[in-house]
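The structure appears below as structure tokens.
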Amino acid sequence: MDARHPYEQIPLFTAGIILALWLIGSHALMIARPALVQGWLKKFPRNPLAGQIILGIGLAWFWLLVAPDNMGKLSALQMDLGEFNNAKPLLRLLVPAALVAVSISVRDFLAVRALGLLGLMVAAPLLASAFLKDPASRLLIPIFAYALLTKSLFWVGMPYLFRDAVTWATADQSRWRILSFGGLAYGLATLICALAFWRGY
């Protein structure tokens, strides 16, 4: 039986394909339908329903990391927290309570804060998939993951920065196109590296 955490079993190739497809798809949409995407991004920070849904996904994911041992497949993602393992029973109670409390009491920028939480959760498996792998091109994944971690921390603590970034990006259409094509190029580079160099890793 493999004693590694499921994050550590994610192939670099699989992580690369998923990340590449997400980057290509999202940035292709930004290029093809700029008005639609810009309008959605401007409304997103104050969309309470989106915030509650994303927060629920993020906290449910976190809860699975501290789940009890005897829950079968629901315990598969349980993670060793080292000296904080004794806090797991408390965290199992606090996470659902936090979901309810935050959804009710936090209205301003809840969607951005929730997106930041989800970003922090997503970064971990991405980093694990590239850890100690041979191809130097694997760095495309950690670079993205650390950028995501940094942005997510700011979105959780200073969510108005997301609004400011959207305002800056949408203020000039040439700027929007540069950002869109830049993200698309990063996705294509990731896809090419995954198909050419990451098979078997």
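Highest mean first, the peptides 177-184, 89-96 sorted by other C-beta atoms within 10 Å per residue fall in the order 177-184, 89-96. Residue by residue, region 17-34 carries 3J(HN,Hα) couplings of 5, 5, 4, 4, 5, 5, 5, 5, x, 5, 7, 5, 5, 4, 7, 6, 10, x Hz when phi is fed to the Karplus relation 6.51 cos²θ - 1.76 cosθ + 1.60 (θ = phi - 60°); x denotes Gly or Pro. Rg and Dmax, both from the Cα atoms of the chain and both in Å, are 18.5, 55. What the phi angles of region 4-13 give under the Karplus curve with 6.51, -1.76 and 1.60, with θ = phi - 60°, is a coupling list of 6, 5, x, 4, 6, 9, 6, x, 4, 4 Hz, glycine and proline written as x.
Please tell me the relative contact order of region 77-159 in percent, rounded to the nearest whole number, where contacts are Cα pairs under 8 Å and at least six residues apart. Can you show the working numbers first?
Values: 44 pairs, mean separation 30.2, N = 83.
Computed over region 77-159, the figure is 36 percent.
Using the Cβ of residue 132 as centre and a radius below 15 Å, the other residues enclosed give a net charge of +1, where K and R count +1 and D and E count -1.
Considering the options 128, 66, 20, tell which one lies farthest towards the positive end of the dipole of the chain, charges being +1 on Lys and Arg and -1 on Asp and Glu at the Cβ, about the Cα centre. Sorting the options by dipole projection puts first 20. Once the dipole of the chain is set up with Lys and Arg at +1 and Asp and Glu at -1 on Cβ about the Cα centre, which of 9, 89, 189 lies farthest towards its positive end? Going by the Cα projections, it comes out as 189.
Under the definition of Cα pairs under 8 Å and six or more residues apart, what whole-number percent is the relative contact order of region 6-197? Write out the running numbers ahead of the final one.
Working: 212 pairs, mean separation 72.0, N = 192.
Result for region 6-197 is 37 percent.
Using unit Cβ charges (K, R positive; D, E negative) and no other charged atoms, how large, in debye to the nearest 20, is the dipole of the chain about its Cα centre? Charge dipole of the chain: 600 debye, to the nearest 20.
Just to confirm my numbers, what's the Cα centroid distance between region 139-157 and region 78-125 in Å? With region 139-157 and region 78-125 each reduced to a Cα centre, they are spaced 17 Å. Ignoring lysines fewer than eight residues from residue 73 along the same chain, the ones with Cα atoms less than 22 angstrom from its Cα are 88. Applied to region 62-68, the Karplus parametrisation 6.51 cos²θ - 1.76 cosθ + 1.60 on θ = phi - 60° returns per-residue 3J(HN,Hα) values of 4, 4, 5, 6, 10, 4, x Hz, with x for Gly and Pro.
We did not get these values from a lab; they are worked out from the coordinates using the rules stated. Bear in mind that the values here come from a model prediction, so they are computed numbers and not experimental data. Here Cβ is always computed from backbone atoms with ideal geometry, including for glycine, and neighbour counts include all displayed protein chains.
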